[in-house]
Structure formats: C-alpha cells, structure tokens
Amino acid sequence: MKFDFTKLKEMNDLDFEQVASWPFEVKFVVALVEAILIGVLSYYLLINDKLPVLEKEQANEIELQRNYEAKYRIAANLKAYEEQLVRLQADFSSMLKSLPTSDETPGLLDDITYVGTSAGLKFKLLNWQQEIPKEFYTELPIQMEVEGSYHEFGQFVSNVAALPRIVTVHDFSIKQDGEVLKLSLQAKTYRTAAAGTVSGGQTK
C-alpha cells in the first residue's frame, strides 16, 4: 500500500470519535507517536531505575567468572600442586635441620675456631652479637677478627661456608697492620623462631 503524505494534512480536522474512519496514514502516524511515548515512559518509569542494578550484577557476573576460572585452574592442577607442596615441605624440613638448635649454637664457635686455625689464622675476636628476631627464624650474628694471609682468609671463608649448619659471611674488611693482615667480618647463623635463646659468649 502506497503511503499518501497528503492525508496527514487532515489530522487537524479529525474527529477522535470517528477513529475507525481515519485514513491509514493518519492511523499509522498516531500509532507511531503513541508507541514512542509508551517506549519513553516505560524506559524512565520501569527501566531507568534498574540500570545501576543491572550494571552491578554484570560486574558481579564478570568477577564470579574470574573466580570460577581461577578455581577451575587450581582444581585442574590439584595433583601437581599437592606434589609441589610435598616437595616444598620436604625442602623446608631439610632447611630446618640445617639450622642450629639452642644447644648446638655454642658449638658453632668451636667449629669456626677449628676451621680458622686449620687455615692458619690467628683469632683476635670471636663474639656473639645481639640476636635479631625475624618472622620465621632468629638471626644470630657473630663478629670476628682474624690475622693471616690472603690465601688463609680465602680458605677460612670457604671452610665456614662448608660447615654442616647454615652460616653466611658478611661485611668483609681487610686492613694491613705493618706486616700483618687483619680480616674483620660478620658471620650469621640462624635458628628457628620457636627454638630457645642463645647465651652470648666472647673469645679473644
């Protein structure tokens, strides 16, 4: 059916009691305007207030999807995680065994003295310093000063690093006093946080 725009001129003379006799073009335009008005009113009265809720739920849906994907990856690799956990626990247990207990820490001074004198060094100072508590362990610094040659210093540091208990060496300082070389350094050993305290000692 051809749309006759000239019929729209009759809209000003239409009788609303004779809607059935209105031209098709006029009925179409009136229905279109009513549909637009109903759509606009429906949007502002029914939909507009619900949009923030919809946006919140959409964001929540995305977050839930991410959580699901993360949990799915964990579940899919659960066996590998369990095996890795067993390995980590074994490594942690092995490391704990390498940390001296409160009964063993005084013996470390004897061990350090032994490897030092075996390397040809002469001890001038061997002293426990203040303990430093950490979250999972306690740090036990040892300040020492020795006299000897460069070769003896190197042998000594190598022997300290090879001790069965964990001992690290820090803050090297070498000075020459006449014909004598003096090495000052700090060694650190570690004890689990749950272990007892260490009494300080000093050897000169």
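The values are calculated or read from the model by the stated rules, or taken from the named source; none is laboratory data. These figures come from a predicted structure and were not determined experimentally. Please note: Cβ atoms are built from the backbone with ideal geometry, for glycine as well, and neighbour counts cover all protein chains shown.
Miscellaneous remarks
- Residue match in the stretch 154-163 (condition: within 23 Å of Thr192 (Cβ to Cβ), out of contact with any Gly (no Cβ under 6 Å at 6 or more places or on another chain) and touching a residue at least 60 places away in the same chain (Cβ under 8 Å)): no
- Count of residues meeting criterion [within 30 Å of Ile38 (Cβ to Cβ) and of a type in the set (S, T, N, Q)] in the stretch 48-66: 2
- The helices (runs of 4 or more DSSP H) found wholly in the stretch 1-108 and carrying at least 2 residues that are surrounded by 10 or more Cβ atoms within 10 Å (Cβ to Cβ), of a type in the set (Phe, Trp, Tyr) and at pLDDT 80 or above occupy 51-76.
- Selection count, the stretch 113-143, where residues are more than 37 Å from the chain's Cα centre (by Cα) and closer than 18 Å to Ala162 by Cβ: 9
- Residue that is modelled with the lowest pLDDT [pool: residues in the stretch 132-160 that are exposed (fewer than 15 other Cβ atoms within 10 Å of the Cβ) and not charged (D, E, K, R)]: Phe136
- Pairs where the first residue, in the stretch 42-58, is among the aromatic types (Phe, Trp, Tyr) and the second is at pLDDT 80 or above, C-beta under 6 Å, 6+ apart: none
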